[in-house]
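Peer 1: Below are the structure tokens for one structure; questions will follow.
The values are calculated or read from the model by the stated rules, or taken from the named source; none is laboratory data. Small disclaimer: the values here were computed from a predicted structure and weren't measured. Quick reminder, even Gly has a Cβ in these numbers, built from the backbone with ideal geometry, and neighbours come from all protein chains shown.
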Amino acid sequence: MEWEVVIGLETHTQLQTVSKIFSGASVKYGAEPNTQACEVSLALPGVLPVLNKQAVECAIKFGLAINAEIAPRSVFARKNYFYPDLPKGYQISQFELPVVGKGAITIQVPAAGKQDAYEKVVNITRAHLEEDAGKSVHGAVEGMSGIDLNRAGTPLLEIVTEPDMRSAAEAVAYAKKLHELVQWIGICDGNMQEGSFRCDVNVSVRPKGSDKLGTRREIKNLNSFKFMTQAIEYETRWQIETLEDGGKIQQATVLFNPDTGETRAMRSKEEANDYRYFPDPDLLPLVITEQDKARVQANMPELPAAMKARLEAQFALSSYDASSLTASRDLADYFMAAIDAGAEPKQTANWVMGSLSAKLNSEDKDLSSSPISAQQLAQLLKRISDGTISNNAAKQVFEAMWLGEGEVDSIIAAKGLKQESDSGAIEAIIDEVLAANAAMVEEFKAGKEKAFNALVGQAMKASKGKANPAQVNDILKKKLQA
Amino acid sequence: MANSELTNGSLKAYAQLLQSKQISSLELTQAFLQRIKQYNPSINAYIALDEDKTLAQARAADARIAAGSAAPLTGIPIAQKDIFCAKGWPTTCGSKMLANFVAPYDAHVISQFDAAGAVNLGKTNMDEFAMGSSNETSYFGGVKNPWSFDRVPGGSSGGSAAAVAARLCAAATGTDTGGSIRQPASLCGFTGLKPTYGVVSRFGMIAFASSLDQAGPMAKSAEDCALMMNVMAGFDERDSTSLDRAKEDYCRDLNKPLAGLKIGLPKEFFAEGLSAEVGQVIENAIAEYKKLGAEIVNISLPNTGLSIPVYYVLAPAEASSNLSRYDGVRYGHRAAEYTDLMDMYCKSRAEGFGAEVKRRILIGTYVLSAGYYDAYYLKAQQIRRLIAQDFVEAFKQCDVIMGPAAPSTAFKAGEKVDDPVAMYLQDIYTISTNLAGLPGMSVPAGFASSQDGPALPVGLQIIGNYFDEARMLNVAHQYQQVTDWHTLAPNLPEGKA
């Protein structure tokens with residue numbers, strides 16, 4: 001039998017706010033345990049939650065970015081359960097009425113094997129605001145478990161998809177697209193290592209052609225795309241094998257073990273809590289007006305799809321170039337900064353996606369930590385355009401700048417890379433070359449085009465690479481035709 | 001001035017004495033502390049006293065008065081219900097669960113009194129987590145009704161009630177979720193006001209049922225309550241349900257005449273369940289209002305009978321969640337020995353909570369459970385709106401609503417502890433205003449004799465429309481200008497000299 005895997009994602013994105021979702025405590029990562037736990041984070045008797053307006057703006061931004069319904073009235077609810085890292089004994093979340101309703105995200109699934117690259121629309125069911133829990137710390141004190149409540153109350157937007165994905169590749173393409181989008185609109189720093197972007201993946205399988213959903217298992221807390229691929233592939237194989245062996249899938253929550261590459265059931269749904277959701281009486285319903293939306297809209301950055309279209313129209317870039325440049329906010333910002341500094345668009349696109357990206361990749365660096373700024377790159381490209389240096393020399397300058405050897409012009413001077421553009425001097429060199437290579441001249445005149453390139457090569461060599469190649473071409477052509 | 005006279009003054013009189021420097025706050029405070037030493041061991045109104053802290057505040061108040069920057073309550077000693085977090089004070093909410101908890105921050109109400117220069121005399125006893133109508137669920141023992149020591153003072157603000165009645169404070173704070181200010185005010189014979197929901201910030205007030213809890217003053221007269229409200233009320237951004245309204249002077253209408261006032265009498269408040277003696281006292285009070293020029297309108301609040309069942313779904317539902325934080329992990333009681341996490345939770349909560357609190361946690365957990373939520377919690381919310389709608393209709397016909405605050409006078413300690421439903425019926429006339437979010441008050445209106453004991457105080461309940469506290473205080477104050485029930489204080493049996 002041929003099987004089909006059905007995948008839906010729930011993603012917890014930590015919102016980039018200054019303070020927690022229901023208190024003024026800082027959300028900075030990595031502080032000493034419990035130094036960012038105020039009375040509210042500790043759930044002392046008598047404390048009350050006050051909603052962080054910045055978190056609401058983040059939710060509105062996301063809703064606008066995916067063209068979703070934004071609820072004019074949504075409700076915070078209490079999800080009740082006991083756990084040591086949950087100080088109130090309930091989590092404030094949204095249940096029946098979430099802030100963001102149905103929307104959609106278009107993903108690009110890369111080519112693989114015989115499959116060409118393709119686009120697909122993933123439907124978003126909802127996104128809701130909620131608070132994060134703290135962390136249990138084991139082993140810090142011998143024989144004891146500790147609780148760190150620094151993270152308790154950190155604002156999260158949980159984004160839930162329809163079961164629209166049909167492969168690990170689609171799920172990862174969606175997760176990557178979402179990862180870029182939330183960073184693009186500035187609501188999440190996207191740091192997966194620090195837990196700012198965590199995915200729970202619901203996986204089920206069914207006979208291909210069936211329209212009934214199989215029983216799902218939920219893989220919790222995947223914090224890298226690589227693990228997500230491995231986990232989904234393992235889980236899919238496991239479910240198919242189980243069914244083919246005549247077994248049944250039990251609804252369950254599973255964890256992925258990166259060391260073994262396997263998924264393992266954590267708890268079955270029969271043992272699941274009854275969370276006793278009810279509207280939180282400490283918080284008023286969240287009301288979002290058309291004016292609120294308009295105000296957030298006015299501060300929205302241009303979205304990737306719109307920017308891609310603009311780059312194609314404004315700078316005559318290819319669809320491929322425009323798509324690549326808008327794959328991340330950092331990349332797009334870098335590109336635009338270089339353009340603003342006077343660089344030529346197509347050339348900039350080539351360099352950003354060529355030399356710069358390659359260098360960043362090889363050193364495992366982000367654009368944000370690039371040793372060469374957009375302005376420096378623009379200066380370098382200008383020196384190519386104005387004939388000061390050749391493309392080859394530019395590569396040497398690039399390497400030197402990468403190593404921090406200085407600014408474009410000082411490196412050109414220090415390395416003597418300025419090309420010869422004095423036509424008198426170039427003529428003199430060419431005359432010498434023609435005199436010394438009479439045989440080649442004859443070959444050219446006899447119709448051998450290749451001989452021309454050889455003569456250019458000789459001239460460049462004679463100038464120690466400094467002659468402006470375009471001028472060499474022009475002068476040589478004139479002399480040969482004379 | 002004799003000690004007993006000094007502790008029997010009005011807030012206005014204290015303010016005059018203090019600001020004209022006829023007495024110092026230190027003297028006044030010491031007079032109350034002396035009286036507390038004498039009577040508290042038998043009455044048990046206070047469960048935390050800290051003379052050093054209290055006297056330091058009195059000295060600071062004297063300095064403020066000397067500097068000429070006194071506010072109306074500067075230097076006046078106030079008792080605080082132990083439901084309010086007060087920095088450096090034990091804050092127990094009447095529970096073993098919090099017996100060892102010292103608050104590291106101030107509730108809004110506490111900081112308002114501090115800013116006014118009032119003196120905190122101590123923390124008063126209360127039913128555990130404000131769950132009770134007799135103060136008998138307190139981990140720290142019951143409180144005696146100063147009018148008759150074999151009787152309960154009512155609850156849950158029983159300690160504050162006894163402290164006001166026995167003149168162990170100039171005035172006190174209370175909280176009212178279903179009647180916890182008004183029922184004890186009725187049973188102990190003083191004036192108590194539960195404001196409109198959202199008028200006094202709940203920040204730092206330990207939650208019982210968040211959508212119903214409201215703090216208010218407990219004092220000797222309507223005028224005293226108005227002065228207390230001027231300190232307690234006001235917007236606080238730390239409570240999302242606090243209402244952002246302009247600050248008002250609750251004394252502004254006290255002296256308005258009542259001619260033409262329309263008083264609504266709901267027939268449901270004078271039906272079966274009301275003691276005949278209490279009913280008579282209320283009728284006498286209504287007759288007094290007629291003399292003052294008020295008109296009587298007969299009205300109906302048809303859903304009144306549903307208020308107790310609705311309340312005992314919604315309040316426990318919220319409480320079951322509000323009390324989840326008491327888990328023994330971060331503060332409060334933790335069992336001495338346990339085998340694992342679940343065992344620690346179970347033992348700590350089993351040991352830390354009393355029977356009534358456990359009963360309500362169980363009810364609340366049940367009504368919120370999957371499969372029961374719609375039938376109980378949602379249905380109760382729907383009826384809650386009907387009850388509120390009853391009042392909207394009623395206030396189209398009248399300015400204020402009157403009736404009894406409690407169905408009987410103070411009952412004997414132990415009489416109802418084994419019959420929770422009988423205890424719950426104590427709040428039959430008060431609960432509907434909490435469900436509707438309306439303000440209500442209880443005003444001393446006379447005494448009803450009982451078969452097996454002395455005549456005991458009866459409170460007249462006045463219910464106003466939303467934000468109509470100033471008018472209610474006016475209505476009560478005018479009554480107190482022509483009656484002297486509110487001036488009567490119990491003769492206390494010899495205390496520890």
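Peer 1: How about region A:69-90: which of its residues are buried (at least 21 other Cβ atoms within 10 Å of the Cβ), within 14 Å of chain B (Cβ to nearest Cβ) and either closer than 30 Å to A:Y320 by Cα or not hydrophobic (A, V, I, L, M, F, W, C) (or both)?
Peer 2: Result: A:R78, A:N80, A:P87, A:K88, A:G89, A:Y90.
Peer 1: Going residue by residue through region B:199-213, is there one that turns out to be part of a loop (DSSP other than H, G, I, E, B), within 24 Å of B:I428 (Cα to Cα) and touching a Phe, Trp or Tyr at 6+ places or on another chain (Cβ under 6 Å)?
Peer 2: Yes, there is a match, as at least one residue in region B:199-213 is part of a loop (DSSP other than H, G, I, E, B), within 24 Å of B:I428 (Cα to Cα) and touching a Phe, Trp or Tyr at 6+ places or on another chain (Cβ under 6 Å).
Peer 1: While we're looking at this one, here's another question. Just name the residue that is farthest from the other protein chains (Cβ to nearest Cβ) out of those in region A:27-57 that are outside any loop (DSSP other than H, G, I, E, B) and in contact (Cβ under 8 Å) with a residue 12 or more places away in the chain.
Peer 2: A:E57
Peer 1: Assess whether A:R151 counts as being of a type in the set (K, R) and within 22 Å of the chain's Cα centre (by Cα).
Peer 2: no
Peer 1: Looking at region A:225-253, which of its residues are closer than 25 Å to A:T11 by Cα and either part of a loop (DSSP other than H, G, I, E, B) or without any contact (Cβ under 8 Å) to a residue 12 or more places away in the chain (or both)?
Peer 2: Result: A:K226, A:R237, A:I249, A:Q250, A:Q251.
Peer 1: Listed residues A:L286, A:L325; which is over 30 Å from A:S355 (Cα atoms) and buried (at least 16 other Cβ atoms within 10 Å of the Cβ)?
Peer 2: A:L286
Peer 1: A further question on this structure: When you scan region A:389-479 for helices (runs of 4 or more DSSP H) that lie fully inside it, which ones turn up with 3 or more residues that are of a type in the set (A, V, I, L, M) and closer than 20 Å to A:I372 by Cβ?
Peer 2: Filter on region A:389-479 gives A:391-402, A:408-415.
Peer 1: Still on this structure, please answer the following. If a residue must be more than 51 Å from the chain's Cα centre (by Cα) and free of Cβ contacts under 8 Å to residues at least 12 places away in the same chain, how many such residues does region A:418-434 contain?
Peer 2: Within region A:418-434, residues that are more than 51 Å from the chain's Cα centre (by Cα) and free of Cβ contacts under 8 Å to residues at least 12 places away in the same chain number 2.
Peer 1: If the requirement is being under 17 Å from the mean Cα position of the chain (by Cα), part of a helix (DSSP H, G or I) and exposed (fewer than 14 other Cβ atoms within 10 Å of the Cβ), which of these qualifies: A:A313, A:A305?
Peer 2: From the options A:A313, A:A305, the qualifying one is A:A305.
Peer 1: With A:D245, A:D340 as the choices, which residue is in contact with a helix residue (DSSP H, G or I) (Cβ under 9 Å, 6 or more places away or on another chain) and surrounded by fewer than 13 Cβ atoms within 10 Å (Cβ to Cβ)?
Peer 2: It is A:D340.
Peer 1: Of the conditions (1) closer than 30 Å to B:K358 by Cα; (2) of a type outside the set (S, T, Y); (3) not in a helix (DSSP H, G or I), B:N298 fails just one. Which one is it?
Peer 2: Just one mismatch for B:N298, condition (1).
Peer 1: With A:H128, A:H138 as the choices, which residue is free of Cβ contacts under 8 Å to residues at least 24 places away in the same chain and under 30 Å from A:F22 (Cα atoms)?
Peer 2: Numbers: A:H128 fails: free of Cβ contacts under 8 Å to residues at least 24 places away in the same chain.
After ruling out the rest, the residue left standing is A:H138.
Peer 1: Now for a separate question. Look at A:A231 and say whether it is loosely packed, with under 14 Cβ neighbours inside 10 Å and away from chain B (no Cβ under 14 Å).
Peer 2: Working: loosely packed, with under 14 Cβ neighbours inside 10 Å: no; away from chain B (no Cβ under 14 Å): yes.
It is false that A:A231 is loosely packed, with under 14 Cβ neighbours inside 10 Å and away from chain B (no Cβ under 14 Å).
Peer 1: Among the candidates B:K256, B:K262, B:K247, B:K291, which residue alone is among the basic types (K, R) and without any contact (Cβ under 8 Å) to a residue 24 or more places away in the chain?
Peer 2: B:K247
Peer 1: Among the residues of region B:339-377, count how many are assigned to a loop (DSSP other than H, G, I, E, B), over 24 Å from the mean Cα position of the chain (by Cα) and more than 13 Å from chain A (Cβ to nearest Cβ).
Peer 2: The number of residues fulfilling the criteria is 1.
Peer 1: Taking the condition surrounded by 24 or more Cβ atoms within 10 Å (Cβ to Cβ), in contact with an Asp or Glu (Cβ under 6 Å, 6 or more places away or on another chain), at pLDDT 95 or above and closer than 28 Å to B:Y326 by Cα, does B:S156 pass?
Peer 2: Working: surrounded by 24 or more Cβ atoms within 10 Å (Cβ to Cβ): yes; in contact with an Asp or Glu (Cβ under 6 Å, 6 or more places away or on another chain): yes; at pLDDT 95 or above: yes; closer than 28 Å to B:Y326 by Cα: yes.
The answer is yes for B:S156.
Peer 1: I've got another one for you. Tell me the residue from B:D50, B:D62 that is more than 14 Å from every other protein chain (Cβ to nearest Cβ), in contact with a Pro (Cβ under 9 Å, 6 or more places away or on another chain) and farther than 17 Å from B:A207 by Cα, please.
Peer 2: The match here is B:D50.
Peer 1: Quick one: in region B:246-273, of everything that is at pLDDT below 95 and of a type outside the set (A, V, I, L, M, F, W, C), which residue is surrounded by the fewest Cβ atoms within 10 Å (Cβ to Cβ)?
Peer 2: Once the filter is applied, the top-ranked residue is B:E272.
Peer 1: More than 14 Å from chain A (Cβ to nearest Cβ) and in contact (Cβ under 8 Å) with a residue 60 or more places away in the chain: does that describe B:L55?
Peer 2: no
Peer 1: Here is a list of conditions, (1) buried (at least 16 other Cβ atoms within 10 Å of the Cβ); (2) closer than 23 Å to B:V231 by Cα, and B:Q38 meets all of them except one; can you say which number that is?
Peer 2: The number of the failed condition is (2).
Peer 1: (1) within 14 Å of chain A (Cβ to nearest Cβ); (2) over 19 Å from the mean Cα position of the chain (by Cα): which one isn't true of B:S148, the others all being true?
Peer 2: Here B:S148 clears every test but (1).
Peer 1: For residues that are part of a loop (DSSP other than H, G, I, E, B) and closer than 15 Å to A:D132 by Cα, scanning just region A:1-17, find the one that is farthest from the other protein chains (Cβ to nearest Cβ).
Peer 2: A:Q16
Here's the yes/no breakdown for (1) within 27 Å of B:A166 (Cα to Cα); (2) within 14 Å of chain A (Cβ to nearest Cβ); (3) at pLDDT below 95; (4) surrounded by 21 or more Cβ atoms within 10 Å (Cβ to Cβ):
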{"residue": "B:L193", "(1), (2), (3), (4)": "yes, no, no, yes"}
{"residue": "B:V200", "(1), (2), (3), (4)": "yes, yes, no, yes"}
{"residue": "B:L212", "(1), (2), (3), (4)": "no, yes, no, yes"}
{"residue": "B:K220", "(1), (2), (3), (4)": "yes, no, no, yes"}
{"residue": "B:V281", "(1), (2), (3), (4)": "yes, no, no, yes"}
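Peer 1: When region B:121-138 is examined, which residues are found to be farther than 21 Å from B:S321 by Cα and either within 14 Å of chain A (Cβ to nearest Cβ) or buried (at least 24 other Cβ atoms within 10 Å of the Cβ) (or both)?
Peer 2: Result: B:L121, B:G122, B:K123, B:T124, B:N125, B:S133, B:S134, B:N135.
Peer 1: Still on this structure, I have one more. Which residue is nearest to the chain's Cα centre (by Cα), if the candidates are limited to region A:357-384 and must be at negative phi and surrounded by fewer than 12 Cβ atoms within 10 Å (Cβ to Cβ)?
Peer 2: A:D366
Peer 1: Sticking with this structure for a sec: Can you pull out the residues in region A:186-210 that are in a loop (DSSP other than H, G, I, E, B) and either surrounded by fewer than 21 Cβ atoms within 10 Å (Cβ to Cβ) or not assigned by TED's automatic domain parsing to the domain that holds A:T161 (or both)?
Peer 2: A:G186, A:D189, A:G190, A:N191, A:M192, A:Q193, A:E194, A:G195, A:K208, A:G209, A:S210
Peer 1: Just need a number here: residues in region B:67-102 that are surrounded by fewer than 18 Cβ atoms within 10 Å (Cβ to Cβ) and either hydroxyl-bearing (S, T, Y) or without any contact (Cβ under 8 Å) to a residue 24 or more places away in the chain (or both).
Peer 2: Within region B:67-102, residues that are surrounded by fewer than 18 Cβ atoms within 10 Å (Cβ to Cβ) and either hydroxyl-bearing (S, T, Y) or without any contact (Cβ under 8 Å) to a residue 24 or more places away in the chain (or both) number 5.
Peer 1: Still on this model: Determine which member of the set A:E96, A:E119, A:E180, A:E158 is farther than 24 Å from A:L44 by Cα, within 13 Å of another protein chain (Cβ to nearest Cβ) and not small (G, A, S).
Peer 2: Sole residue among the options that is farther than 24 Å from A:L44 by Cα, within 13 Å of another protein chain (Cβ to nearest Cβ) and not small (G, A, S): A:E96.
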